[in-house]
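Notes follow the structure.
The values are calculated or read from the model by the stated rules, or taken from the named source; none is laboratory data. Keep in mind that this is a model prediction, so the values were computed, not measured. Positions of Cβ are backbone-derived with ideal geometry, glycine not excepted, and every protein chain shown enters the neighbour counts.
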Amino acid sequence: MPQLNPAPWFAILVFSWVVFLTIIPQKILAHNFNNEPTTMGAEKAKPEPWNWPWY
Amino acid sequence: MMLSFFDQFMSPTYLGIPLIALALVLPWTLYPTPTPRWLNSRLLTLQGWFINRFTQQIFMPINPGGHKWAVMLASLMVFLTSLNMLGLLPYTFTPTTQLSLNMGLAVPLWLATVIIGMRNQPTAALGHLLPEGTPVLLIPVLIIIETISLFIRPLALGVRLTANLTAGHLLIQLIATAAFVLLPLMPTVAILTATVLFLLTLLEVAVAMIQAYVFVLLLSLYLQEKRL
């Protein structure tokens, strides 16, 4: 099985961790959320339509 | 004949560039970085909603000390889901079929949960090796068994993801080849095979998401265990 070829193992390890530690958390942390995450209440809110900016 | 189907998993290079590098770097262009403005675009809101709900779901059973893992596990989920899903497109390479990548993610993260557990509460962490209520005679055997099951976790974590995705891709390629070869010979059978292929692809889409989720869920479970 070509996956068992040990030659690129270290390179793949290093590269994937670099991507995993630098690019992604930055994008995730930049999301800000207005409300504290709470468990949902019993009544369902009726969603109102609003305009999405187009880009 | 069987061996040549595994060629799709060889780390491909094109003009000297290992394509796994592209496969690892380019998916994040699909995730725009949010700016401080309150009203975001549709895509950004959907991604933010997903991250928010997912993090809440995973971290609800974990006591607040463990919540510092939120970024790690959320990034892991996004990482694995995107790589798995994009790998289902034609001509793409799925980095998560590489055992090196999955083991490289599983072993350090699992080891981190174990080490944190040992540092914070060493007695309780070692106590996990012996379930409550075991008969005295069985204690040595059970400790050995529990130790083995502890050490097999990272192996299982990595290999589970690799095997599921590899098997899925392999099946897709096999059935697609079968449908293609059968087309001039027995068109009806070929059409049936194509239907099977379609259903299989839908399954693979589900598997892609589920496997990523299972990976992260198990890690959070190991975390829970160690901190309790």
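Miscellaneous remarks
- Residues of the range B:32-91 that turn out to be assigned to a helix (DSSP H, G or I), over 19 Å from residue B:214 (Cβ atoms) and at the interface with chain A (Cβ under 10 Å from one of its Cβ atoms), as a count: 9
- The sole residue among B:126, B:105, B:89 that is under 21 Å from the mean Cα position of the chain (by Cα) and free of Cβ contacts under 8 Å to residues at least 12 places away in the same chain is B:89.
- For residue B:26, the criteria (1) under 21 Å from the mean Cα position of the chain (by Cα); (2) at pLDDT 85 or above; (3) surrounded by 15 or more Cβ atoms within 10 Å (Cβ to Cβ) hold in every case but one, which is (3).
- Among the residues making up the range B:40-86, those that are more than 20 Å from the chain's Cα centre (by Cα) and exposed (fewer than 14 other Cβ atoms within 10 Å of the Cβ) are B:42, B:43, B:46, B:49, B:60, B:61, B:63, B:64, B:65, B:67, B:68.
- A count restricted to the range B:29-57 and to residues that are touching a Lys or Arg at 6+ places or on another chain (Cβ under 8 Å) and in contact (Cβ under 8 Å) with a residue 24 or more places away in the chain stands at 1.
- Residue count for the range B:176-208, restricted to those that are surrounded by 15 or more Cβ atoms within 10 Å (Cβ to Cβ) and either within 14 Å of residue B:88 (Cβ to Cβ) or in contact with a Gly (Cβ under 7 Å, 6 or more places away or on another chain) (or both): 7
- Residue A:52 at the interface with another protein chain (Cβ under 7 Å from one of its Cβ atoms), farther than 21 Å from residue B:69 by Cα and either surrounded by 13 or more Cβ atoms within 10 Å (Cβ to Cβ) or modelled with pLDDT of 85 or more (or both): no
- Yes/no for residue B:166 being among the hydroxyl-bearing types (Ser, Thr, Tyr) and in contact with a Gly (Cβ under 8 Å, 6 or more places away or on another chain): no
- Criterion applied to B:94, B:162 was being surrounded by 17 or more Cβ atoms within 10 Å (Cβ to Cβ), within 25 Å of residue B:69 (Cα to Cα) and within 18 Å of the chain's Cα centre (by Cα), and the one residue passing it is B:162.
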